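Take a look at the structure set out below.
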There are 2 protein chains.
Amino acid sequence: MDRLKPYLSEHQERFIKELLELLKYPSVSADPAFSQDVLNTADAVADALRQAGCDAVEVCDTRGYPIVYGEKVVDPSLPTILVYGHYDVQPPDPLGLWKSPPFEPVIRETELHPEGAIYARGASDDKGQMYMHIKALECMVRTHSLPCNVKFMIEGEEEVGSSSLEAFLKENRGKLANDIILISDTGMIAKDVPSVTTGLRGLSYVEVTVTGANRDLHSGLYGGAVANPINVLAKMIASLHDADNRVTIPGFYDRVVELSAKERALMAEAPFDLEAYKKALDIDAVYGEKGYTTNERNAIRPTLDVNGIWGGYTGEGAKTVIPGQAHAKISMRLVPNQDWHEITELFTRHFKSLAPAGVRVEVRPHHGGQAYVTPIDHIGYLAASKAYETTFGTRPVPHRGGGSIPIVPLFERELGSKTILMGFGLDSDAIHSPNEHFGVWNYLKGIETIPYFYHYYTELAKG
Amino acid sequence: MDRLKPYLSEHQERFIKELLELLKYPSVSADPAFSQDVLNTADAVADALRQAGCDAVEVCDTRGYPIVYGEKVVDPSLPTILVYGHYDVQPPDPLGLWKSPPFEPVIRETELHPEGAIYARGASDDKGQMYMHIKALECMVRTHSLPCNVKFMIEGEEEVGSSSLEAFLKENRGKLANDIILISDTGMIAKDVPSVTTGLRGLSYVEVTVTGANRDLHSGLYGGAVANPINVLAKMIASLHDADNRVTIPGFYDRVVELSAKERALMAEAPFDLEAYKKALDIDAVYGEKGYTTNERNAIRPTLDVNGIWGGYTGEGAKTVIPGQAHAKISMRLVPNQDWHEITELFTRHFKSLAPAGVRVEVRPHHGGQAYVTPIDHIGYLAASKAYETTFGTRPVPHRGGGSIPIVPLFERELGSKTILMGFGLDSDAIHSPNEHFGVWNYLKGIETIPYFYHYYTELAKG
């Protein structure tokens, strides 16, 4: 392990240059105009894996863009880490807002990044974070400190829904067999506050329609005498939360596991400035389930939000109509152990039961996904924690993400292993936005930290 | 009075022909392409008033289309009736749905009108109903049975908001001085159930906006931790009605006068088939304020309805957004004695008070109007009642209209007199729709009934 840091110092200029080269490929998976560029990027990633020391590198065809596979098997009896990443990027629009062209990477110093930040589409999401793993492998191979087996699976359709991934997993279970999955495609809380995303919320998304009369009615002639679908829908939605802002759907919380006091305490260590949070959103108060902090409400608690509502006259001026229908899109964020199919059913049954006589109610499920969690006593989490402690000098905060990353529960289901989300990006990286960038310090710190994960994970796996 | 009916019988063919001629003018006030036709129609109405026996007929210029004025003053010491009507018509679109061209009037027999119905735009609304009054005057003048003074004020902008009327009233208070205003621009319940519209509801129409964060947020990252403007708006709207479907705004009912048992009993005489009503609307139940019938709910009771609601993602599919804002258009139908300015203020104060911390609420008044009522012991109502009883053989049902006719409270304010809404149209006349028509029987029955109103009104006014 002693030779890692000197190797990194010696080669860091090249590591940066190589990333800049990779960022020049406009691998926009959403736009068919770039398809050849996306394919060329896959080849470039394959080359990089070979150069870093992978033994068996393949550009695997799928129904969409290829998945680049590579492996370095040291000893089949040792643990195997599967690294996932993606080489495709978001479209760069709106181009006019970029200070430098999205596919002509440059390094500029910023207040947050006095060491410089690499500006380019994909710098952080995910070429930069993915390439850290390739360079970490090179470091370990060249310094003879790779302690276990490693496999890479780098896809080219993450920004368009990973549609070829499930089939690839099902067809390559043997090849992809692993003990732990490692991904750098999330952020950390701050440059001096490393964090590991230990949980993601699941989702149930439905659309509801309340139908009253068979046509729009004049509110002068019918107002007060027939059920108004908008008023009824508002009443039904309002009743979905109680005075403590808990969801009132019977059975909704039945499977929710309360977090341990220890994990809540660890979560609470994350620096959080409520006043700054409110100021950034321009709100005078936060709002949510009684008994939980803001960071708990948006991460470890299930919620119900209306994402869209419409009905009646919504144009300029006034029209005295009682509409025949009113609609809403409603989503529930779920936590581990809640099953999204079951929650969708509970919602549907309950919502229909709320309808008064005089209206009909339809509930149409859109889609959903399961929540995911990595327990903080899992050896993958412990290895990551020790790795960060080694290179950052402080242990990471376990962070439960409020959103969903559907591939993570997919990996667990298809490959049977847990995922460690070891991100080195920052919220300020402007991913999916103009002027995306990735701090040079973060990039190098990632390359430095990853080998320690390998080291501690192998040690802990040996028991 | 004995010579009226024979005169009508003798001349009814001509009366019908004259109306058909008037209906040929495409007096569409909403479409500038027809402006010359609208002006020509005003002249035709002026000619008709002269021929019917008016002494002083003027086509009075306004900022918009002219108002045709005519009078027949028998004796200044006698009561004066002011007849209001309008010569402009709704646009005829969609033209393709008319069985015969809208400005080529024809008479066709229908199941409801075995005597034939006149099909043309404006046949019922309002050329046909207005022309009844001109022909009734002719009958009275030619048979020397006009018992009082009469003034006509026939405007050409009713279908576009009567925008010149208020100024005309203010500038001509002396000329328009009258004891009672008579209008035929409403319907009756059925051919054998005459009715007089004794009340109209007022209106307060507002638009509300609930603002949360300063931008749309991702529901994964913020769901459950900040106030969702749609959920909050739904809750606020829901709270505007209690379990008995009464409006919860403090002071909302303070000025509402309960109808007398006598008037409620008279109203209940109107034939009403609840099952047919539900079937026509395709609803399994009616809905409204506890303690009132459907006909009471939509006429004599104030109500609150959401006429439009929108916020968040309303397109195809799913988007997990917590919108920065949610909006609704809300209107309240008011009853006599409620002041729409006061109600708008009460609503605004109450609605803002409902906002939880974490959102800002804006209420923007759109427009409004006062409710109107003619007491059923008013001599105008009594005269109308006796007139119907004479020609229909049954006394009329006092009918409280759920909608608003803004000119009626305007007349009361500017001219200080009550209005008698003596309509002879039917709901099935298809006013504002293709194939508008007016029963020949209704037209002639109107001409027959109106002189009796003059007769009884003069008698009752003399005391």
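For the reader, a short list of remarks on this structure follows.
- In terms of packing, defined here as the mean over residues of other Cβ atoms within 10 angstrom, the peptides B:113-121, A:302-310 line up highest first as A:302-310, B:113-121.
- Long hydrophobic helices in chain A, taken as whole DSSP H segments with a C-alpha length of 15 Å or more on their own axis and mean Kyte-Doolittle hydropathy at least 0.0: A:379-392.
- Counting only protein heavy atoms and using a 1.4 Å probe, the accessible area of B:Trp340 comes to about 50 Å².
- Dipole magnitude (debye, nearest 20) for the protein assembly as shown, charges at Cβ of Lys, Arg, Asp, Glu: 1640
- Peptide A:325-336 has a mean shielding of 3, counted as Cβ atoms of other protein chains within 10 Å of each residue's Cβ.
- Of all DSSP beta bridges in the stretch B:1-153, antiparallel share, percent nearest 5: 60
- For chain B, DSSP calls about 70 percent of its internal beta bridges antiparallel.
- In the structure shown, the pairs A:Lys99/A:Lys191; B:Lys127/B:Lys151; B:Lys127/B:Lys170 are assessed against 22 Å; a Cα-Cα span above that value is assigned to A:Lys99/A:Lys191; B:Lys127/B:Lys170.
- For the stretch B:149-212, accessible area per residue (1.4 Å probe, heavy atoms of protein chains only), Å²: 25
- Cβ-based charge dipole, the stretch A:357-456, positive-most Cα from A:Ala357, A:Tyr454, A:Leu444: A:Ala357
- Inter-copy separations for B:Asp242, label at 7 Å along Cα-Cβ, nm, ascending: 2.4
- The residue list A:Tyr84, A:Ile107, A:Thr143 was ranked by how far each Cα lies along the charge dipole of the stretch A:84-176 toward its positive end, using unit charges on Cβ atoms, and A:Thr143 comes out on top.
- Per residue solvent-accessible surface (Å²) - the stretch A:258-341, probe of 1.4 Å: 42
- Peptide B:277-289 is shielded by partner chain Cβ atoms: per residue, an average of 6 of them sit within 10 Å of its Cβ.
- Accessible surface buried once A binds B (1.4 Å probe; total of both sides; Å²): 5600
- For the stretch B:260-348: rounded, prolate or oblate by the Cα gyration tensor [a/c cutoff 1.5]: oblate
- Peptide B:347-357 shows a mean partner chain C-beta count of 1 within 10 Å per residue C-beta.
- DSSP bridge orientation in the protein assembly as shown - percent antiparallel, rounded to nearest 5: 70
- Taking all protein chains together, B:Thr293, B:Thr320 sort by accessible area into B:Thr293, B:Thr320, largest first [probe 1.4 Å].
- Between this copy and the others, label points of A:Ala270 are 6.1 nm apart in ascending order, each placed 7 angstrom from Cα in the Cβ direction.
- Remark: spin-label model distance B:Val256-B:Leu39 equals 5.0 nm, labels positioned 7 Å along the Cα→Cβ axis.
- Estimated from helices alone, the mean residue ellipticity of chain A at 222 nm is -10500 deg cm²/dmol (sum of -39500 (n - 2.57) over DSSP H runs with n ≥ 4, per residue).
- Taking only the C-alpha atoms of the stretch B:411-463, Rg followed by Dmax gives 15.1, 46 Å.
- Three-way shape call for the stretch A:18-128 based on the alpha-carbon gyration tensor, with the a/c threshold at 1.5: oblate
- When the square roots of the Cα gyration tensor eigenvalues are ordered a ≥ b ≥ c, the ratio a/c for the stretch B:82-131 is 1.5 or more and a/b does not exceed b/c, which makes its shape oblate.
The values are calculated or read from the model by the stated rules, or taken from the named source; none is laboratory data. These figures come from a predicted structure and were not determined experimentally. Cβ coordinates were reconstructed from backbone atoms using ideal geometry, including for glycine residues, and neighbour counts include every protein chain displayed. In case anyone asks, the SASA skips ligands and DNA or RNA and just uses the protein heavy atoms, side chains included. Shrake-Rupley method; radii C 1.70, N 1.55, O 1.52, S 1.80 Å.
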